[in-house]
1. Looking at this structure, is residue 81 surrounded by fewer than 15 Cβ atoms within 10 Å (Cβ to Cβ), touching a Pro at 6+ places or on another chain (Cβ under 6 Å) and of a type outside the set (Asp, Glu)?
2. Report yes if residue 84 is assigned to a helix (DSSP H, G or I), basic (Lys, Arg), over 11 Å from the mean Cα position of the chain (by Cα) and within 26 Å of residue 111 (Cα to Cα), otherwise no.
3. In region 35-53, which residues are surrounded by 12 or more Cβ atoms within 10 Å (Cβ to Cβ) and of a type in the set (A, V, I, L, M)?
4. Inspect all residues belonging to region 73-89 and state whether any of them is acidic (Asp, Glu) and closer than 21 Å to residue 1 by Cα.
5. What is the number of the single condition among (1) surrounded by 13 or more Cβ atoms within 10 Å (Cβ to Cβ); (2) touching an Asp or Glu at 6+ places or on another chain (Cβ under 8 Å) that residue 23 does not meet?
6. Just for region 1-48: of the residues that are outside any helix (DSSP H, G or I) and of a type in the set (Lys, Arg), which one is nearest to the chain's Cα centre (by Cα)?
7. Can you say whether residue 111 is farther than 16 Å from residue 34 by Cα, loosely packed, with under 11 Cβ neighbours inside 10 Å and in contact (Cβ under 8 Å) with a residue 40 or more places away in the chain, as far as the supplied structure shows?
Amino acid sequence: MVLIIGGAYQGKTEAALEIAGKEPDRVMNRVHEWIRGRMEAGADQDEIRDELFAIAEHRKDMIFVADEIGCGIVPVDAFERKYRETAGRILCDLAKQADEVYRVVAGIPGKIKG
């Protein structure tokens, strides 16, 4: 499993597609938004983590792509704070399990694990 993280519009998707080669179905893009959607549907952090890890277990060649959302101003809204924390913690867990982790800045992927 591969995790690609970075700021918004930094070239993460392009990096993922390059790693995926001719298999773009290996890429699960915008994982941070998927986490938000699951939270809005009422799932808690453990349920979301379990669902994401089930996907990773089923597709060991999966490439997960997510924005880093924990940098910047702490949101005033309680849900936004909870979302930011939940996404950050789940992505940390995903990074621990990943074979490779890349951080993309200005379109340049830097391997930080693997």
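1. On the way: surrounded by fewer than 15 Cβ atoms within 10 Å (Cβ to Cβ): yes; touching a Pro at 6+ places or on another chain (Cβ under 6 Å): yes; of a type outside the set (Asp, Glu): yes.
Yes; evaluated as a whole, the condition is true for this residue.
2. Values: assigned to a helix (DSSP H, G or I): yes; basic (Lys, Arg): yes; over 11 Å from the mean Cα position of the chain (by Cα): yes; within 26 Å of residue 111 (Cα to Cα): yes.
So residue 84 passes the test.
3. 35, 39, 43, 48, 52
4. Filtering region 73-89 for residues acidic (Asp, Glu) gives 77, 80, 85.
If we keep only those that are closer than 21 Å to residue 1 by Cα too, we end up with none.
Checked against the condition, which is being acidic (Asp, Glu) and closer than 21 Å to residue 1 by Cα, region 73-89 yields no hits at all.
5. Only one criterion in (1) surrounded by 13 or more Cβ atoms within 10 Å (Cβ to Cβ); (2) touching an Asp or Glu at 6+ places or on another chain (Cβ under 8 Å) is unmet by residue 23, namely (1).
6. Quick first cut of region 1-48, residues outside any helix (DSSP H, G or I) only: 1-11, 21-23, 27-30, 41-44.
Subsequent filtering for residues that are of a type in the set (Lys, Arg) retains 22, 30.
Working: 22: 21, 30: 7 Å.
Ranking the qualifying residues of region 1-48, first place goes to 30.
7. Working: farther than 16 Å from residue 34 by Cα: yes; loosely packed, with under 11 Cβ neighbours inside 10 Å: yes; in contact (Cβ under 8 Å) with a residue 40 or more places away in the chain: no.
For residue 111, the condition - farther than 16 Å from residue 34 by Cα, loosely packed, with under 11 Cβ neighbours inside 10 Å and in contact (Cβ under 8 Å) with a residue 40 or more places away in the chain - is not met.
Per-residue answers, yes or no, for (1) surrounded by 18 or more Cβ atoms within 10 Å (Cβ to Cβ); (2) over 21 Å from residue 9 (Cα atoms):
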{"residue": "33", "(1), (2)": "no, no"}
{"residue": "57", "(1), (2)": "no, yes"}
{"residue": "66", "(1), (2)": "yes, no"}
{"residue": "71", "(1), (2)": "no, no"}
{"residue": "87", "(1), (2)": "yes, no"}
{"residue": "91", "(1), (2)": "yes, no"}
{"residue": "96", "(1), (2)": "no, yes"}
{"residue": "99", "(1), (2)": "no, yes"}
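The values are calculated or read from the model by the stated rules, or taken from the named source; none is laboratory data. Worth saying up front: this structure is predicted, and the values here are computed from it rather than measured. Don't worry about glycine lacking a Cβ; one is built from the backbone with ideal geometry, like all the others, and counts go over all protein chains shown.
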